[in-house]
Amino acid sequence: MKYDVPDEIERKLRRAQRLEWWSIFWLVTIIAVMYFAMGSSQAMKTAWIEDTLSLLPPILFLLARKFEEKEPTRKYPFGFHRGGSLGFFLAASSLAAMGGYLLFSSARSLMMQEHPTIGNVTLFGWDIWLGWVMVVALIYSVIPPVILGRMKKPLARATMDKILYTDADMNAADWKTGLAGIVGVIGVGFGFWWADAVAAGLISLDILRDGIRNLRISVAELLDGAPRKLDSAEVHPIVDEISDTLARRYPGHRARLRETGRFVRVDLVRHDEDATPPEAIDNWRVVEVTQELGDKDLS
Amino acid sequence: MPFCRFVPCSCKAIGPGVEIWNQAPRTGLVLCHRATVGCICGRLKVRGLALLKRMLQRGLTGAALVALAACYVPADPEGTTEDVTGSTLRVGLLTPELDPLEDEVVARLAGALQAEVEVVTGDPHQLFDQLTHGALHILAGQIPSDTPFADHAALSDPLGVVMTYDGEADWVLLLRRGENRFLVTANRAIKGAGR
């Protein structure tokens, strides 16, 4: 169902779409470079999997954008706004699962005292240690996402897009993954076999933390919870803002807010039988204000 | 400052049409009145050169550090290269005798580390056990890269191909896992033997 979002927001969404296409392009090149430089380093493997996973949010964002504007059908009479919510939930689940798996895998490497083997490779006629190639690949893997992430973050805030925000946040923090990977590989180079697994463990902890935080936000959205902030499971200030506005207009009544994708739907719970329809609210995110008769208080 | 030209230009802080007046000498802050653009550009150029010089110095220091690190990297966590150098290279053999190519690789490796070669034969599992504990340095004997031991040992670069039950596989030597300097030295011996 298409709603009239302000031109400014529409422009930002289109710009975000372009940035996401660029993200996919750069990520594919990064995934290819990292794959060839990966060897048997645990930290490299973890960083590579993280890069592969980073493809998911841009793809889900573009898909959600396509679905969001679709007209309702007989089978889906409320439209497809929640496509974004579902995509966000899927991205968060895969992030959390992968973070957990990678943490387990690096803990196992440490316990089993698996010494990572990194040999040499001939590149353009030069015989060099593969570790140096990995370091270069890791540096390359960090640059485009960090730049794109910083460009996407303000767009995500303005358009209140959770998938975009998660993506931008992961990208902007990508330098940590790269740095941990580099420290791990160089540590192995200096003979500290455990450096690799410790670095991989730190990267996977970061992935797991992001995954769990996003899972909490997305579950709240799917369960019709009150709108949440972009970067935490705390309730968004729009809830108090709109509740206060409605409380002034309709004293003694209560407003319930829920999120469907970037949009907010308000349900005014009235306990008199006044049939005056509620007035529209001046906020582009609020696409529907309905009213129902109900109990006065919410426990 | 006699060489300064007064050039009208727009000042973003106040709005178009306002002239930039001067640059405060120490802070480098631009005061928004009238411009001494020539002076500002001059200062920027000097600053740019200084910055370039500093970046070059840092780059060279970094490159020197990397070059220094390259002498020590990769290292062996368990010190295999150090053990073998000037001592004995212990080779576990899984076939009745060493293939001539394997023999050449082993001789080159021993030569690079000024070591004597000692060939040990016996039960494959015992030999492998000795390799993982560092009592042997290399396992040889037409080993395919898909050997069941591959998960617990480091594989050298291929010497060629060997026939297996499933077809062909790379022909490798097995080394102790994680001994990266030793692995690099062995790979260089293989490369040299191939010529």
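Which of A:12/A:162; A:12/A:176; A:70/A:153; A:176/B:53 have a Cα-Cα distance over 18 Å?
Listed pairs above 18 Å: A:12/A:176; A:70/A:153; A:176/B:53.
Rg to Rh ratio, the range B:80-194, alpha-carbon atoms and Kirkwood radius?
0.93
Counting other beta carbons within 10 Å of each Cβ, put A:258, A:82 in order, fewest first.
A:258, A:82
Can you list which of the trypsin sites (Lys or Arg not before Pro) found in the range A:1-42 are DSSP loop residues with at most 13 other C-beta atoms within 10 Å?
Those satisfying the criteria are A:2.
Going by C-beta contacts inside 10 Å, put B:93, A:110 in order with the fewest on the left.
Going from least to most buried by this count: A:110, B:93.
Shape verdict for the range A:1-157, please, from the Cα gyration tensor: rounded (a/c under 1.5), prolate (a/b greater than b/c) or oblate.
prolate
Once you average over the residues of B:186-192, how many Cβ atoms of partner chains fall within 10 Å of each Cβ?
2
Just want the ordering: A:253, B:137, A:271, A:115, from fewest to most Cβ atoms lying within 10 Å of their own Cβ.
Lowest count first: A:271, A:253, A:115, B:137.
Mind checking the mean number of beta-carbon atoms from other chains within 10 Å of the Cβ atoms in A:108-120?
Neighbouring Cβ atoms belonging to other protein chains average 5 per residue here.
Restricting attention to the range A:195-299, which GluC sites (Glu not before Pro) occupy a DSSP loop and are surrounded by at most 12 other Cβ atoms within 10 Å?
A:234, A:273, A:279
Find how many whole Å separate the alpha carbon centroid of the range B:125-190 from the alpha carbon centroid of the range A:2-47.
If you average the Cα positions of each part, the centres end up 39 Å apart.
In nm, give the distance between the simple-model label positions of residue B:68 and residue A:24, each being 7 Å from the Cα along the Cα-to-Cβ direction.
4.8
If Rh is defined by the Kirkwood formula over all Cα pairs and Rg also comes from Cα, what ratio Rg/Rh do you get for the protein assembly as shown?
Checking Rg against Rh, the ratio lands at 1.14.
Kindly state, to the nearest 0.05, the FRET efficiency for residue B:135 paired with residue A:66, given R0 = 56 Å and r defined as their beta-carbon distance.
So the FRET efficiency works out to roughly 0.35.
Take the Cα coordinates of the range A:238-293, assign each an equal point scatterer, and use the Debye formula without solvent to give log10 I(q)/I(0) at q = 0.12, 0.13, 0.15 Å⁻¹.
Calculated log10 I(q)/I(0) at the listed q: -0.24, -0.28, -0.37.
Can you list residues from other chains, or at least 5 along the same chain, whose modelled amide H is less than 5 Å from the amide H of residue B:173?
Sorted by chain and number, the residues that satisfy this are B:156.
Give me the angle, in degrees from 0 to 90, between the Cα long axis of helix A:42-53 and the longest principal axis of the Cα atoms of chain A, rounded to the nearest 10.
It works out to around 30 degrees.
Over chain A, what relative contact order in percent results from Cα pairs under 8 Å that are six or more residues apart?
20
Since every read-out is calculated from the coordinates, none of them should be taken as a lab result. Note that the structure is a prediction, hence the values are computed from the model and not measured. Cβ: placed from backbone, ideal geometry, glycine included. Neighbour counts: every protein chain shown.
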